[in-house]
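The values are calculated or read from the model by the stated rules, or taken from the named source; none is laboratory data. All values derive from a computational prediction rather than experimental measurement. No Cβ is skipped: glycine too gets one built from the backbone with ideal geometry, and neighbour counts run over all protein chains shown. Just the protein is used for accessible areas: all its heavy atoms, side chains included, with ligands, DNA and RNA removed. Shrake-Rupley method; radii C 1.70, N 1.55, O 1.52, S 1.80 Å.
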Amino acid sequence: MSGRRNDGIDPAARSRARRRALQALYAWQMSDTPIRQVIEQFRHEQDMDVADIGYFEDLVRGVEGHLADIDQALAGFLDRGIDQVDPIERAVLRLAAYELRHRIDVPYRVVINEAIETTKRFGADHGHTYINGVLDRAAALWRADEVRAARQR
């Protein structure tokens, strides 16, 4: 049985795409390798066939294409400069900020939950609490109507 929803989206494949996007963004941040090369390297990995490759590419290219806007938008929610944030947490925040700001088809709670889970898996011991705090405040501003509606339920 497939995990696809009625709209054709496979949530497990999307989760895997986010994890791979996080890893690709981390590699890009750390190496300064052009994003197209990073994407190509990840496309040829064996486990990419179980990820939503289109979503993976949208996330990675979206973060790169909107990087200045994303970093500026995140700045008001951080207790330090974006460059001082742990590299894994920085990649998670950029990825989630892209989704919150440019993928309004994805519910904000899904974005935040996925960011927390990937940080638990790849980040520092308590990094997920930092990510949660930043993204909760960001979502309250960037997705105010959606957050307000969810809180009234």
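Report the residue count in the stretch 134-145 for those that are within 16 Å of ALA96 (Cα to Cα) and open to solvent by 60 Å² or more (accessible area, probe 1.4 Å). Of the residues in that region, 3 qualify.
Note on the stretch 118-153: residues that are in a helix (DSSP H, G or I), of a type outside the set (A, V, I, L, M, F, W, C) and touching a helix residue (DSSP H, G or I) at 6+ places or on another chain (Cβ under 8 Å) total 10.
Here is a yes/no grid of residues against (1) touching a residue at least 40 places away in the same chain (Cβ under 8 Å); (2) under 22 Å from ASP10 (Cα atoms):
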residue	(1), (2)
ARG90	yes, no
LEU100	yes, yes
ILE116	no, yes
PHE122	yes, no
GLY127	yes, no
ILE131	yes, no
ALA139	no, no
ARG151	no, no
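Here the condition is being within 18 Å of ARG19 (Cα to Cα) and assigned to a loop (DSSP other than H, G, I, E, B); of VAL111, VAL106, VAL63, VAL92, it holds for VAL106 alone. Condition first: crowded, with 22+ Cβ neighbours inside 10 Å, assigned to a helix (DSSP H, G or I) and modelled with pLDDT of 95 or more. Can you find one or more residues in the stretch 72-85 that meet it? So far as the stretch 72-85 goes, no, none of its residues is crowded, with 22+ Cβ neighbours inside 10 Å, assigned to a helix (DSSP H, G or I) and modelled with pLDDT of 95 or more.
Scan the stretch 93-106 for residues that are open to solvent by less than 10 Å² (accessible area, probe 1.4 Å) and among the charged types (D, E, K, R) and the total you get is 1. When ARG101, ARG36, ARG43 are checked against the criterion of being of a type in the set (D, E, K, R) and under 28 Å from ASP136 (Cβ atoms), ARG101 stands alone in meeting it. Please find, among ARG109, ARG90, ARG19, the residue that is surrounded by fewer than 15 Cβ atoms within 10 Å (Cβ to Cβ) and within 14 Å of the chain's Cα centre (by Cα). Result: ARG109 is the single residue among ARG109, ARG90, ARG19 that is surrounded by fewer than 15 Cβ atoms within 10 Å (Cβ to Cβ) and within 14 Å of the chain's Cα centre (by Cα). Of all residues being part of a helix (DSSP H, G or I) and open to solvent by less than 40 Å² (accessible area, probe 1.4 Å) in the stretch 48-60, which is farthest from LEU95 (Cα to Cα)? Just the residue, please. The qualifying residue farthest from LEU95 (Cα to Cα) is MET48.
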